[in-house]
Amino acid sequence: MGAVTVLPTFLSANKLLVFVCLIVLSLKEGYATAEAETHTIHVASLSPSSVCTPPATAKGLDKKSSLQVIHKHGPCSQLHEEKANIPTHAQILLLDEVRVKSIHSKLAKNLGSVNVMKKDAAANLPAKDGSVVGSGNYIVTTGLGTPKNNLRLIFDTGSDITWTQCQPCLRSCYKQQDPIFSPSSSSTYSNVSCSSAGCTSLNSATGNSPGCSSSTCVYGIEYGDSSFSIGFFAKEKLTLTSNIVFDNFLFGCGQNNQGHFGGAAGLLGLGRNKLSLPSQTAIKFKKIFSYCLPSSPSSTGFLKFGNDGLSKSVKFTTLSTIPGGESFYGITIIAMSVGGKKLSISASVLAAGGAIIDSGTVITRLPPTVYSALRSAFRKQMNHYPMAKSLSILDTCYDFSKYSTVSIPKISLFFEKDVEVPIDARGILYVNSISQVCLAFAGNSNDFDVLIYGNTQQKTLEVVYDGTRRKLGFRTGGCT
């Protein structure tokens with residue numbers, strides 16, 4: 001009888017041990033899963049640095065095929081802006097809102113919509129001459145003319161024509177760091193005639209009909225923040241790198257320029273119009289280019305043309321065309337996730353107004369229905385941190401001043417072709433100060449406004465544009 005009574009007790013003890021082990025394993029897996037779906041951030045790393053610290057791999061940047069990308073207002077820029085002229089984050093976000101409204105208005109106008117943008121107080125911001133970026137915050141250095149003049153230009157996938165300020169400034173030129181380009185000092189400069197195909201194409205590239213002065217084509221372009229450039233449309237030798245040179249490159253030679261370019265010499269247009277840089281260099285590069293935006297203003301990235309050396313780990317989705325916005329790069333986002341869980345939103349809501357990717361827009365704009373779901377999920381997983389006041393268009397902000405490390409939920413975008421793009425931790429947050437760190441997404445006015453995938457959420461990704469095959473690729477850890 002003793003043996004009979006001991007055996008069940010022995011089995012029960014083993015079952016209990018197994019049960020306890022299963023619980024421990026389950027808890028470990030749960031913790032591992034939770035850790036896998038969050039970013040752990042050292043709060044001190046969120047503070048801006050005054051020292052330029054490019055990634056180690058930047059020393060190995062192939063200068064024969066790549067341009068270094070730097071943030072306009074960071075310590076790597078060497079534009080030496082006066083501190084009083086460097087915009088605050090609130091100003092940057094306000095002008096970003098103006099740019100977004102301008103994109104929405106342009107699309108609505110082209111489609112004949114009666115929902116035209118109402119006059120906004122932000123559109124009447126006083127223009128600080130050359131101090132506030134309204135068309136992008138990343139710049140590259142290119143060469144123009146013979147002999148070559150090195151010019152720092154803002155690169156922008158939402159713009160088509162390339163232009164720079166030119167001597168003589170017939171009306172006005174804003175202050176720029178580089179010497180202003182002088183056409184008379186270049187042996188390869190020539191004006192474009194009013195009857196040329198290039199001049200005719202200006203209407204679609206700028207939204208304005210070209211002018212004509214003594215048979216010379218005159219261009220004019222105005223941006224959403226009221227910045228503008230007017231001058232002669234011309235041809236010139238463009239030097240991208242030491243071994244990538246193009247003759248007869250069409251560009252704007254601006255002799256009347258005002259606005260928000262922060263010391264840069266002009267703009268490099270990477271849109272889809274026939275006058276854009278990718279289109280003008282299509283014979284060599286087949287409309288393929290890629291870039292990686294640095295993780296912070298104190299680091300660097302790259303802009304590269306062609307597909308030489310393209311990583312096999314790039315995942316491609318489809319590029320589409322937005323009705324009324326053929327120059328923009330259209331995309332299709334089908335889902336989003338927060339902390340590893342997809343939001344309960346219909347793909348039709350994400351697609352209602354169409355979507356574009358834009359290097360010049362700072363903050364990604366989502367349909368309000370989608371943004372509400374994103375914000376709710378993010379706040380739920382961040383409820384143990386104290387909230388801070390809103391920052392301009394950003395309404396979900398936190399005070400991390402009493403923490404040394406914080407954990408934030410990971411966020412991913414899902415595209416057509418089964419492509420998941422995880423957003424870098426620095427692309428999830430927008431930092432005004434340690435006591436005001438915000439979720440770096442915002443909502444549109446309505447679900448039928450175009451979704452805009454902005455540059456904050458593109459940080460550290462290599463983004464590959466293949467205009468000929470109509471593909472868009474992503475690679476994580478692109479800058480390193």
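The values are calculated or read from the model by the stated rules, or taken from the named source; none is laboratory data. The shown structure was predicted, so the numbers you read here are calculated from the model rather than taken from an experiment. We place every Cβ from the backbone using ideal geometry, glycine too, and count neighbours over all the protein chains shown. We work out accessible area using only protein heavy atoms, side chains counted, and drop any ligands, DNA or RNA first. Shrake-Rupley method; radii C 1.70, N 1.55, O 1.52, S 1.80 Å.
For S196 paired with S372, estimate the spin-label separation in nm (one decimal), with each label point 7 Å from Cα along the Cα-to-Cβ line.
5.3
Provide the three semi-axes, in whole Å and in decreasing order, of the ellipsoid equivalent to the chain as defined by the square roots of 5 times the Cα gyration tensor eigenvalues. Don't jump to the answer; show the numbers that get you there.
Details: eigenvalues 444, 105, 99 Å².
Its equivalent ellipsoid spans semi-axes of 47, 23, 22 Å.
With r defined as the distance between the Cβ atoms of D247 and E420 and R0 fixed at 56 Å, what FRET efficiency is calculated, to the nearest 0.05? The partial results should precede the final answer.
Working: r = 42 Å, r/R0 = 0.76.
The formula returns an efficiency of 0.85 here.
Separation of segment 387-402 and segment 418-437 by C-alpha centroid, Å?
Each part's Cα centre sits 13 Å from the other's.
If R₀ is 25 angstrom, what is the calculated FRET efficiency for the pair K342 and T405, using the beta carbon separation as r and rounding to 0.05?
Computed FRET efficiency for K342 and T405: 0.40.
Picking from N257, S227, L267, whose Cα lies most toward the positive end of the charge dipole for segment 221-280 (charges on Cβ: Lys, Arg +1; Asp, Glu -1)?
The Cα lying farthest towards the positive end belongs to L267.
What FRET efficiency comes out for the pair V43/T88, r = Cβ-Cβ distance, R0 = 22 Å, nearest 0.05? Could you put the intermediate results ahead of the total?
Working: r = 21 Å, r/R0 = 0.96.
FRET efficiency, V43 to T88: 0.55.
How are the C-alpha pair distances of segment 333-455 spread across 10 Å bins, as whole percents from the shortest bin up?
Per 10 Å bin, starting at zero, the Cα-Cα P(r) for segment 333-455 comes out as 13, 47, 32, 8, 0 percent.
Compute, for the chain, the length of the dipole vector about the Cα centre, with Cβ point charges of +1 (Lys, Arg) and -1 (Asp, Glu) only. Units Debye, rounded to 20. Intermediate values should be presented prior to the final figure.
Values: 44 positive and 30 negative charges, 98 e Å.
With Lys and Arg at +1 and Asp and Glu at -1, about 480 debye.
Rounded to the nearest percent, how much of the accessible area of the chain (1.4 Å probe, protein heavy atoms only) is carbon and sulfur? Write out the running numbers ahead of the final one.
Working: 11850 of 21670 Å².
That fraction is 55 percent.
Take each of the peptides 140-147, 194-201, 423-430, average the number of other beta-carbon atoms within 10 Å over its residues, and list them starting from the highest. Present the calculation step by step, with values, prior to reporting the outcome.
On the way: 140-147: 19.1, 194-201: 15.5, 423-430: 22.4.
Per-residue Cβ counts within 10 Å, averaged per peptide and sorted highest first, yield 423-430, 140-147, 194-201.
For every helix of n ≥ 4 consecutive DSSP H residues, a contribution of -39,500 (n - 2.57) applies; sum these over the chain, divide by its total residues, and give [θ] at 222 nm rounded to the nearest 500 deg cm²/dmol.
Details: 9 runs with 97 residues, N = 480.
That calculation yields -6000 deg cm²/dmol at 222 nm.
If you count only protein heavy atoms with a 1.4 Å probe, what accessible area per residue comes out for the chain, rounded to a whole Å²? Display every interim value, and only then the final one.
Working: 21670 Å² over 480 residues.
Using a 1.4 Å probe on heavy atoms only, each residue of the chain averages 45 Å².
Ignoring ligands, DNA and RNA, how do R475, R99, R469 rank by accessible area with a 1.4 Å probe, largest first? List each step's numbers first, then the result.
Numbers: R475 55, R99 25, R469 170 Å².
Descending order: R469, R475, R99.
Compute log10 of I(q)/I(0) for segment 412-480 with the Debye formula, placing one identical point scatterer on every Cα and leaving out solvent, at q = 0.22, 0.24, 0.27, 0.28 Å⁻¹, to two decimals.
After summing over all Cα pairs, the log10 values are -1.10, -1.19, -1.27, -1.29.
With Cβ to Cβ distances under 13 Å as the rule, what net charge do the other residues near T321 carry (K, R +1; D, E -1)? Kindly include the intermediate steps, with their values, before the conclusion.
Numbers: positive: R272, R470; negative: E326.
Residues close to T321 contribute a combined charge of +1.
Among 206-213, 262-269, 382-389, what's the highest-first ranking by average C-beta atoms within 10 angstrom per residue? Mind dumping the intermediate values first?
Details: 206-213: 15.1, 262-269: 28.2, 382-389: 13.1.
Output ranking for 206-213, 262-269, 382-389: 262-269, 206-213, 382-389.
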